[in-house]
Amino acid sequence: MDTTLNDPPPSAWGDPHLGTLLDGRYRVEERIAVGGMATVYRGTDTRLDRVLALKVMHPALAGDAGFTDRFIREAKAVARLSHPNVVNVFDQGADGGSVFLAMEYVPGRTLRDLLSDRGALSVRAALDVLEPVLAALGAAHRANLVHRDVKPENVLITDGGLVKVADFGLVRLLSGADAQITDTTTPGVIMGTVSYLAPEQIQPSSATDQRVDVYAAGIMLYELLTGSKPYVGDNPLQVIYRHLHEDVPAPSLAVPGLAPELDAIVAAATARDPGARPWDAVELLAAVQRARRALTPAQLDAEPPASTRQAPRFSSADATSVLDLSAPPAPAVERTSVFTAPPESLITRPRPYHEPTPPRRGRSPRSRRGLVWGVVLTVLALVVAGVSYLLSGAVYATVPSVLGQNQAQAVGTLDGAGLRGSFVQVFSETVPAGQVISSDPGVGQRARKSDAIKITVSKGPERIAVPDVTGKPLDQAQQQLTAARLTPGGTTQDYSPTVPQGSVISTDPAAGQQLAVNTPVALVVSQGPEPVSVPNTTGQPVAAAQSALTGAGFKVALAGDQSYSDTVPAGSVAAQDVTGTASPGSTVTLTLSKGPQPVAVPSVTGMSESDATKALTGAGFKVKSSGINFFGLSDVSGQSPQAGTMLPKGSTVTINF
């Protein structure tokens with residue numbers, strides 16, 4: 001569905017297509033949008049009874065045989081592009097003077113509508129929109145197709161939230177995997193929408209490739225993050241000049257706080273030198289996904305400030321039209337445009353000055369003879385040109401279409417046209433293996449019969465085996481995946497008895513599986529062995545304690561110092577430094593007991609038996625009496641050990657009478 005067109009007027013009674021049946025199959029029911037290149041209708045496929053969109057070219061363009069041939073040829077190429085984020089093309093045809101496309105009807109709104117309602121989006125929302133757009137463009141690029149009109153008006157968001165890229169109306173088919181394209185329009189003619197044109201689209205006779213879509217996607221990301229386009233002006237020429245001579249500013253200048261990774265993405269995608277940009281949308285998508293993984297949830301979900309959008313002074317519509325800028329500049333509307341760029345907007349060479357020759361009043365005999373010879377030479381030139389034209393069929397031939405054929409079929413087709421092919425193979429995500437992707441020169445072009453036509457044949461999808469990164473540190477594993485042209489994905493952690501902490505346990509998909517280029521690969525990283533319970537060996541003899549700990553998988557060390565303990569016998573474990581749970585293989589240090597701490601024996605000589613007993617037991621000793629104490633009246637005459645002797649608590653002191 002073409003969404004780059006202006007809304008129709010309330011009434012469409014004068015539309016000759018309404019109510020008609022195109023190609024005896026497609027009933028035209030309602031006009032959706034009108035623009036300078038085509039009109040889009042909602043219709044019904046009467047054979048399959050399904051709703052679809054019908055894009056009908058305007059008669060002025062449909063009458064141009066060259067334009068119509070390219071339109072049909074390129075529509076066929078887009079129809080082969082099957083991707084969930086691309087508006088599907090079902091059919092193309094012509095009915096009388098009407099050339100049309102039958103396409104998927106997508107109910108919903110455009111990204112331009114969303115930006116008009118909300119202004120700048122959060123980083124997460126912006127990337128959620130941009131990533132499927134890049135996925136769609138990446139599929140087109142890998143199929144050697146270039147959109148050339150990427151902008152919010154051509155991005156549809158369905159009612160269910162699915163993002164689809166629409167309107168491949170300016171698409172071009174590359175002639176080879178590494179080929180470039182040059183517009184086949186008149187020199188100095190520019191096709192596209194002014195705000196999203198790459199510099200090479202503006203320069204005269206500049207070759208363009210898929211990197212023009214990368215540039216436009218970078219402009220669109222800037223707009224998603226800031227709510228406004230980077231370049232505005234009083235008329236399209238001012239915007240064209242800024243594309244050629246100014247770098248796109250960093251989005252963080254308009255929205256402070258945006259991550260530098262986003263500034264870097266915009267700067268790379270919108271580099272004025274195509275060689276400094278990502279090669280295609282697939283490479284840009286991988287960079288965007290890497291940047292997303294580097295951002296925190298707070299950076300992704302931060303709400304943008306009030307919109308900084310500025311309505312373009314020359315437009316707010318971005319609709320499809322044909323602009324003639326050779327006339328004096330006037331207030332114009334920014335559109336998907338085919339227009340002639342005025343010389344002052346581009347780099348041109350000054351014409352050499354020639355002094356005018358004064359006119360002569362009459363003809364001399366010499367001039368009459370010159371006139372006769374001029375006529376003779378003109379006639380001879382016409383004869384030579386005619387003969388050359390008649391003989392050109394023996395030298396040149398028109399390149400036939402071999403797209404979709406296998407190599408043997410292509411050889412036969414070329415041979416029938418008097419041509420021969422030179423076959424090369426490349427990977428393709430969209431064209432089945434063995435089928436022709438493109439030819440150089442392209443279909444319909446003239447080629448010398450003596451020169452080989454370069455035919456590119458699909459090898460099918462390129463697949464890469466996931467490398468085995470088990471046991472490698474995380475950073476090394478990520479580097480190896482990147483070197484293999486895969487994308488390091490998210491990481492999770494788990495325990496492993498064999499893989500060291502911080503190294504990779506496994507990948508998802510597993511090692512050896514075949515994946516497409518840049519497919520994310522998730523990594524499981526080791527936290528080391530799972531913790532287990534540590535035996536409590538306090539109070540146990542040292543030998544028994546060591547046996548219990550080593551049996552549980554731990555290492556044992558003895559502390560250099562021992563400690564006194566009133567409860568643990570000397571030589572047994574008084575304490576251990578690790579309790580609860582710990583990783584197997586870790587070390588548990590044991591502190592041994594030196595037994596009870598010694599104390600000095602108090603002096604009890606001269607005391608009564610009861611006082612002496614009380615003093616000794618209070619100091620932690622046991623008491624033993626020796627001798628006879630009649631009626632308990634005798635005092636202690638001596639003690640053993642002597643007063644002041646250091647003994648462990650619990651030792652026995654003998655008192656004598």
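The values are calculated or read from the model by the stated rules, or taken from the named source; none is laboratory data. These numbers come from a predicted model, not from an experiment. Neighbour counts are summed over all protein chains in view; Cβ atoms, including those assigned to glycine, are modelled from backbone coordinates with ideal geometry.
Observations, loosely collected:
- Conditions (1) under 30 Å from ALA143 (Cβ atoms); (2) in a loop (DSSP other than H, G, I, E, B); number of the one not met by VAL499: (1)
- Candidate set: the range 557-594, residues that are in contact (Cβ under 8 Å) with a residue 40 or more places away in the chain and more than 53 Å from the chain's Cα centre (by Cα); chosen: the one farthest from ALA543 (Cα to Cα): ASP566
- Checking the stated criteria, THR487 turns out to be at pLDDT below 95 and in contact with a Ser or Thr (Cβ under 8 Å, 6 or more places away or on another chain).
- Number of the exception - VAL443 against (1) of a type outside the set (Gly, Ala, Ser); (2) surrounded by fewer than 16 Cβ atoms within 10 Å (Cβ to Cβ); (3) more than 25 Å from VAL282 (Cβ to Cβ); (4) touching a residue at least 24 places away in the same chain (Cβ under 8 Å): (2)
- A single entry from THR4, THR39 fulfils the requirement of being at pLDDT below 75, crowded, with 17+ Cβ neighbours inside 10 Å and among the hydroxyl-bearing types (Ser, Thr, Tyr): THR4.
- Residue count, the range 225-238 (criterion: surrounded by fewer than 24 Cβ atoms within 10 Å (Cβ to Cβ) and part of a helix (DSSP H, G or I)): 2
- Check on VAL573, in contact with a Gly (Cβ under 8 Å, 6 or more places away or on another chain), surrounded by 17 or more Cβ atoms within 10 Å (Cβ to Cβ), of a type in the set (A, V, I, L, M) and not in a loop (DSSP other than H, G, I, E, B): yes
- Put simply, of ALA311, ALA267, ALA286, ALA330 the only residue that is aliphatic (A, V, I, L, M), in a helix (DSSP H, G or I) and modelled with pLDDT under 90 is ALA286.
- Some residue of the range 513-521 being touching a Lys or Arg at 6+ places or on another chain (Cβ under 6 Å) and either at pLDDT 95 or above or buried (at least 17 other Cβ atoms within 10 Å of the Cβ) (or both): yes
- Of the helices (runs of 4 or more DSSP H) entirely within the range 48-143, those holding at least 1 residues that are at pLDDT 90 or above and of a type in the set (Val, Ile, Thr) occupy 123-142.
- Pick from the range 502-518, criterion among the small types (Gly, Ala, Ser) and in a strand (DSSP E or B), ranking: farthest from GLY138 (Cα to Cα): SER503
- Qualifying residue in the range 528-540 (condition: in contact with a Leu (Cβ under 8 Å, 6 or more places away or on another chain) and not in a loop (DSSP other than H, G, I, E, B)): no
- Residues (of a type outside the set (Lys, Arg) and in a strand (DSSP E or B)) located in the range 541-570: PRO541, VAL556, ALA557, LEU558, SER563
- Verdict on PHE71 being within 19 Å of THR39 (Cβ to Cβ), buried (at least 20 other Cβ atoms within 10 Å of the Cβ) and outside the structural domain of ALA136 (by TED's automatic domain parsing): yes
- Unique match (being more than 22 Å from GLN210 (Cα to Cα), within 18 Å of the chain's Cα centre (by Cα) and not acidic (Asp, Glu)) among ALA254, ALA267, ALA259: ALA259
- Of all residues in the range 239-253, those being part of a helix (DSSP H, G or I) and at pLDDT 90 or above number 3.
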